Amino acid sequence: MQPSSPPDISPRNDLPSADMPALDPPPVATDLFLGIDVGGTNVKVGLVDGSGVLHAKASTATPPLKTPDRVFRYAIDFAIRTMRHWDRPIDDLMAVGLAVPGVLDTREFQLREVVNLPGWLGQPLRDILVDTCQRPAMVVNDANAAAYAEHSLRKLGDQSLALVTLGTGIGAGVVTAGRPHGGDHGCAGEVGHIAIEFGDMALPCTCGSRGHLESYAGAAGVIARLRASMPEDYQTNSDQIDRDQISRDLYAGQPWTPRSIAMAAADGDALCLQIIDQTGDYVGRAIGMLGQTLDPAVVLLGGAMTFGGDQTSTGRGFLERIRRSVTDTTLVQVGGNIQVEFASLGNDAGTLGAAMVAKNLT
């Protein structure tokens, strides 16, 4: 239902200011869409036009806002203030999209499981969003929002795409036939829990099962495999270790992170290079399984653990290892045709995707 008048929302002193300068003011009379990307740490909002161009954005910490209605009030306040700055009527705001983490019921638009948003479980998110913003609204899983933004950027039409995010956890956003796909139970794209190893020796997963991709290629899994590969006398006789095998920084007691592993590999550390290659093999196996079931045109890699991505030789080598693993574990019609690349939209992907999903309502 499109209202005939602007939503009656006055600035609230109990909300953070959402005033931010425009990145690039839109042309006159351009339809605009509000994207809201909610995480446990930050809320990101943006005004996007129908072609997917982000014209203004803002962010604030999530915990002070707490509840869905306060988050949505912050977002619409941002939109109204920004559009007034542009001397644009609020009627040019056509719809609102919300991206949220966790298991989203795609029929009732309620979160059934979420870790970092206390008080959001079971809330009728779309109804609250419509009531707050007085605009047509849609709710989508954050990974699917990011995937849809990348899909829209590439103008893939009715083709399919999966965006695999590598970090502390591993997940994927899925777009099928040109639409975000959440699955019947909100769990589509849970590639982190694809089993890639089997038997009693398979590594345990935090979910209680064994052998899942996240146990091997999530950040904690990568670090654990590095630790397990260290020479036995590391703790007691580190001065005797071959410095060509293990990086000096790791032996100096620096924290082990995917970034430090990538830096050591870039310096030629043999063990870190081996760990990254193994990680690429594991990720490639999971993408191969995804390919055999979904058969997407494009699979993208995003998140914080791409070992430098396409900006470094280590990241490019990681990508090549994944591509090789996909080819080795799939039918030629699948692995030979999937384009496996790095994602390109970064932290704006969720906001853009939420707005572009909202555009489909108009």
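The values are calculated or read from the model by the stated rules, or taken from the named source; none is laboratory data. Please read all numbers here as calculations on a predicted model, not as lab measurements. Note that each Cβ is placed from the backbone with ideal geometry, even for glycine, and that neighbours are counted across all protein chains shown. What goes into the accessible areas is simple: the full protein's heavy atoms, side chains included, and nothing from ligands, DNA or RNA. Shrake-Rupley method; radii C 1.70, N 1.55, O 1.52, S 1.80 Å.
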Practice prompt. Report the full-extension gain for the segment A195 to Q311: residue separation times 0.36 nm, less the Cα-Cα distance, to one decimal in nm.
Written response: 38.7 nm
Worksheet item: Viscosity 1.306 mPa s, temperature 10 °C: Stokes-Einstein D of segment 261-362 from its Kirkwood Cα radius, in µm² per second?
Response: 108
Worksheet item: So, in nm, how far is label C207 from label L121 when the simple model puts each one 7 Å beyond its Cα toward the Cβ?
Response: 1.8
Fill in: Centroid-to-centroid separation of segment 60-82 and segment 99-168 [C-alpha atoms, Å]
17
Practice prompt. Express in Å², to the nearest 10, the accessible area of M289 obtained by rolling a 1.4 Å probe over the protein heavy atoms while all chains stay in place.
Written response: 80
Worksheet item: Hey, what number do you get for the chain at 222 nm if only DSSP H runs of n ≥ 4 count, each worth -39500 (n - 2.57), divided across all residues, to the nearest 500?
Response: -10500 deg cm²/dmol
Worksheet entry | FRET efficiency, R324 to K66 (Cβ-Cβ, R0 41 Å, nearest 0.05) | 0.30
Worksheet item: Which percent of Cα-Cα pairs in segment 141-214 sits in each 10 Å bin, short to long?
Response: 21, 42, 26, 11, 1
Worksheet, complete the sentence: So the FRET efficiency between T293 and D267, C-beta based with R0 = 35 Å and rounded to 0.05, is 0.35
Discussion item. Suppose each label sits 7 Å from its Cα in the direction of the beta carbon; what would the A224-R154 distance come out to in nanometres?
Written reply: 3.1
Worksheet item: Measuring with a 1.4 Å probe in the full set of protein chains, what accessible area per residue, in whole Å², belongs to the chain?
Response: 47
Worksheet entry | Gaussian network model of the chain, Cα within-10 Å springs - most flexible of A195, A228, A220 | A228
Fill in: For the chain, the spread of Cα positions along each principal axis, largest first, Å
74, 46, 38
Worksheet item: Taking all pairs of different Cα atoms in segment 60-199, averaging 1/r and flipping that mean, what Kirkwood radius in angstroms comes out?
Response: 16.5
Discussion item. Give me the extension gain from E108 to D184: residue separation times 0.36 nm, minus the current Cα-Cα distance, reported in nm with one decimal.
Written reply: 26.2 nm
Discussion item. Restricting to bridges with both residues inside segment 24-166, how much of the DSSP beta-bridge set is antiparallel, in percent to the nearest 5?
Written reply: 60
Worksheet item: For the chain, which whole-number percentage of the solvent-accessible area (1.4 Å probe, protein heavy atoms only) is attributable to carbon and sulfur atoms?
Response: 48
Worksheet item: In degrees, nearest 10, range 0 to 90: what is the angle between the Cα axis of helix 270-294 and the longest Cα principal axis of the chain?
Response: 50
